[in-house]
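The values are calculated or read from the model by the stated rules, or taken from the named source; none is laboratory data. Bear in mind the structure is a predicted one, so any value in this text is a computation, not a measurement. Here the Cβ positions follow ideal geometry from the backbone for every residue, glycine too, while neighbour counts run over all protein chains shown.
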Amino acid sequence: MFEPRPNEPAYAFVPQVDHPVTNHYGTPIETVPVGHELRGQSLNINGDNGISDNPDRYKQHGFYFNADNCISCHACEAACSEKNDLPAHIAFRSVGYVEGGTYPAYQRLNISMACNHCDDPVCLKGCPTRAYTKFAEYGAVLQDPDICFGCGYCTWVCPYNAPQLDTAAGHVSKCNMCVDRLEVGLKPACAAACLAGALDFGIMETTPEHRDQLETRIPGFPTPDITHPNIRFQQTRSLPREMTRPDSMPLRYEREDQAEAALYKPRVDSGRRTRSWNLNKLRTREDPLVVFTLVSQAVIGAFITLFLGPLLGIEILDMDRHPVARPLLLFGLIGIQTLALVMSTLHLGRPHRFYRAFNNLRHSPVSREVAGIAVFYNFLGAYALLTGLPMLFTWLPPALTSGLTAFTGWGAVLSGLAALYFMYSIYRIPARPFWNHWQVLTSFYGNMLVLGPLLVILAFALAQDAQDQPWTAAADTLAWVMLLGLALEAVGLYVHARDLQRGDGEGQASHHEQCTTFGNTYQARNIGLGVAMLLLLWLTLGNPEGAAAVILWVTAALVILTTSLIGRALFYALVIPTTMPGSFFWRNHGFEQHARETGLAEMPQVGVLPECH
């Protein structure tokens, strides 16, 4: 057990006070009923199997932050880092701020934020390895770094920057509510260290001393509707109608109602961007996912084309017409998908623990996507063996072989479509409004309809040409499928841009970045999409032959591949999460970029790693 100091001051202890039955969201304060089997269990802190006699052990606790008192001394941040022995590039608790007004009436609102141990922790549901647990003791949401394999999905879904991905260590870690201190009645280190009485801790919905408010919102704080966080605020001082962030996020906060000072809505800050290319900023930590998603969609689309094509009358794709090219393409798809799967593991902090991705099929879309791709991969392999190497199965009855071929083929089709749907569901994240739109679905299935047939056309064009037959035999029909895929993606992109422009907050800010910071790149992608559609229309309606057809198809293929790659890179580079406002060093993406460009990242004390995983 944690050992309190002999002279521990009274303010360091959690007060034992009466509390209401439910919290602001209607969730019971009592985490488990009296007499429940979950009571009386040890947390095994530091290997100690002792059980605390704290009478409030099974009540939901949380933080209280009085913005009127915070002086931004960072004592809470320092105490947390010291307590948890954190490196310079990780901070479980950090202090940021928003500011507004003009001199001499300039005002600043400081915000200290860590994990809010939410009633509905999206990190727990999203984690594929089940590294998170919502404990009955104190209502703490705890995370085990040893189970985590460093995918970082919890950092995507959390609106409050609570989980911290340590790219040097290869795993995520976060605030643990200092449960070792709570077991002996002490407040978390951050609350005990607060100099100005701004940060406090206790049973939820109980007003600490010298407090009047228990608000769930404060300027700069994301909507509590996503997770129902266990933090309450007080902010009584008058603030300007508009507050801005000091970091590089193009966001400001505007008061909705003059009579309710705490209700501020995020709006786009349009005065700090110019239109440019910024191709270097398209590179992100998610580069392996750019390759993985595009390749997976291409492979699934190619297989569906190969399997359904002959059934729909495209005879050139039949095994009898190309007994060598078709199996070669099937085995090639297996090789390409294998490469994509290997690339996807490079996104992990601990690639050798990729197998843990299946641990949370019940809740995590990441687990379901990985399972979907794995099922498709196995069906694809079985179908390729059955059709490409039939001599291996001559010992089976022909009827059984035929049945297995149909079963594995349809299994690959259905599991591939399901895998892409699960892939789409990964990005329906309220904390990342730019992704939280059905356009992601049209993009993924659109790419499947475009890249898959394009891959088949390339393979069969080579096979037809080798046999001195018209190489455009498959291309003429499949071009219509590709045109449908491009149209599907174009419609999604148009509606997505329209909805973002009409919306507000982080989604609108992402669209602003799209039209300014990456404006030229964005327009080039859109033009490329239009050019590809026109080329395909020319090829389907104009029926060009000879060298003209070759030039048009090569041009169309290059344009499609380029626009797909740029579009997917933009997809990851543009997203602006509902993060808390940063201020200094690595919490400010502008400073982080500056540190990498100037060499400051080589100084470990600034908290910016010189190499990003």
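Being surrounded by fewer than 16 Cβ atoms within 10 Å (Cβ to Cβ) and in a helix (DSSP H, G or I) is the filter here, so list the residues in the stretch 359-378 that pass it.
Answer for the stretch 359-378, where residues must be surrounded by fewer than 16 Cβ atoms within 10 Å (Cβ to Cβ) and in a helix (DSSP H, G or I): 374, 378.
Between residues in the stretch 291-307 that are closer than 17 Å to residue 410 by Cα and residues that are of a type in the set (Lys, Arg), which pairs lie under 9 Å by C-beta distance while being six or more apart or on different chains?
Final answer for the pair search is 306/326.
Within the stretch 140-156, which residues are touching a Ser or Thr at 6+ places or on another chain (Cβ under 8 Å), of a type in the set (S, T, N, Q) and under 14 Å from residue 170 (Cβ atoms)?
Correct list: empty.
Determine whether the stretch 16-32 contains at least one residue that is touching a residue at least 40 places away in the same chain (Cβ under 8 Å) and farther than 24 Å from residue 204 by Cα.
Scanning the stretch 16-32 turns up no residue that is touching a residue at least 40 places away in the same chain (Cβ under 8 Å) and farther than 24 Å from residue 204 by Cα.
Please go through the stretch 127-148 and pick out each residue that is surrounded by 24 or more Cβ atoms within 10 Å (Cβ to Cβ) and either over 23 Å from residue 201 (Cβ atoms) or within 13 Å of the chain's Cα centre (by Cα) (or both).
The answer is 127, 128, 129, 131, 148.
Is at least one residue of the stretch 290-308 exposed (fewer than 15 other Cβ atoms within 10 Å of the Cβ) and of a type in the set (Val, Ile, Thr)?
Within the stretch 290-308, not a single residue is exposed (fewer than 15 other Cβ atoms within 10 Å of the Cβ) and of a type in the set (Val, Ile, Thr).
Condition check: buried (at least 19 other Cβ atoms within 10 Å of the Cβ) and of a type in the set (Val, Ile, Thr). Does residue 29 satisfy that?
Against the criterion (buried (at least 19 other Cβ atoms within 10 Å of the Cβ) and of a type in the set (Val, Ile, Thr)), residue 29 qualifies.
Among the residues of the stretch 205-254, which ones are farther than 14 Å from residue 66 by Cβ, under 29 Å from the mean Cα position of the chain (by Cα) and of a type in the set (D, E, K, R)?
Those that are farther than 14 Å from residue 66 by Cβ, under 29 Å from the mean Cα position of the chain (by Cα) and of a type in the set (D, E, K, R): 217, 225, 245, 247, 252, 254.
Which condition breaks for residue 489 when tested against (1) over 17 Å from residue 536 (Cα atoms); (2) within 22 Å of the chain's Cα centre (by Cα)?
If we test residue 489 against (1) over 17 Å from residue 536 (Cα atoms); (2) within 22 Å of the chain's Cα centre (by Cα), just (1) comes out false.
Against the conditions (1) at pLDDT 95 or above; (2) surrounded by fewer than 23 Cβ atoms within 10 Å (Cβ to Cβ); (3) more than 25 Å from residue 579 (Cβ to Cβ), where does residue 450 fall short? Just the number, please.
With respect to (1) at pLDDT 95 or above; (2) surrounded by fewer than 23 Cβ atoms within 10 Å (Cβ to Cβ); (3) more than 25 Å from residue 579 (Cβ to Cβ), residue 450 is out only on (2).
Residues checked against (1) among the charged types (D, E, K, R); (2) not in a loop (DSSP other than H, G, I, E, B):
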| site | (1), (2) |
| --- | --- |
| 11 | no, yes |
| 17 | no, no |
| 26 | no, no |
| 33 | no, no |
| 42 | no, no |
| 57 | yes, no |
| 62 | no, yes |
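Being buried (at least 23 other Cβ atoms within 10 Å of the Cβ), among the aliphatic types (A, V, I, L, M) and touching a helix residue (DSSP H, G or I) at 6+ places or on another chain (Cβ under 8 Å) narrows it down to one of 193, 162, so name that one.
Answer to the selection: 162.
Look through the stretch 563-613, keep the residues that are under 19 Å from residue 433 (Cβ atoms) and among the polar types (S, T, N, Q), and return whichever of them is surrounded by the fewest Cβ atoms within 10 Å (Cβ to Cβ).
Among them, the one singled out is 578.
Determine, yes or no, whether residue 468 is part of a loop (DSSP other than H, G, I, E, B), out of contact with any Phe, Trp or Tyr (no Cβ under 9 Å at 6 or more places or on another chain) and of a type in the set (D, E, K, R).
Considered against the rule, which asks whether it is part of a loop (DSSP other than H, G, I, E, B), out of contact with any Phe, Trp or Tyr (no Cβ under 9 Å at 6 or more places or on another chain) and of a type in the set (D, E, K, R), residue 468 comes out as yes.
Can you find even one residue in the stretch 512-522 that is in contact (Cβ under 8 Å) with a residue 40 or more places away in the chain, surrounded by 18 or more Cβ atoms within 10 Å (Cβ to Cβ), in contact with a strand residue (DSSP E or B) (Cβ under 8 Å, 6 or more places away or on another chain) and outside any loop (DSSP other than H, G, I, E, B)?
yes
Just to be sure before I move on: is residue 168 among the small types (Gly, Ala, Ser) and under 14 Å from residue 80 (Cβ atoms) in the structure I sent?
Judged against the criteria, residue 168 is not a match.
Please determine, by comparing only the residues of the stretch 460-511 that are buried (at least 19 other Cβ atoms within 10 Å of the Cβ) and among the aromatic types (Phe, Trp, Tyr), which one is modelled with the lowest pLDDT.
471
Can you tell me how many residues in the stretch 383-434 are of a type in the set (Phe, Trp, Tyr), under 32 Å from the mean Cα position of the chain (by Cα) and outside any helix (DSSP H, G or I)?
2
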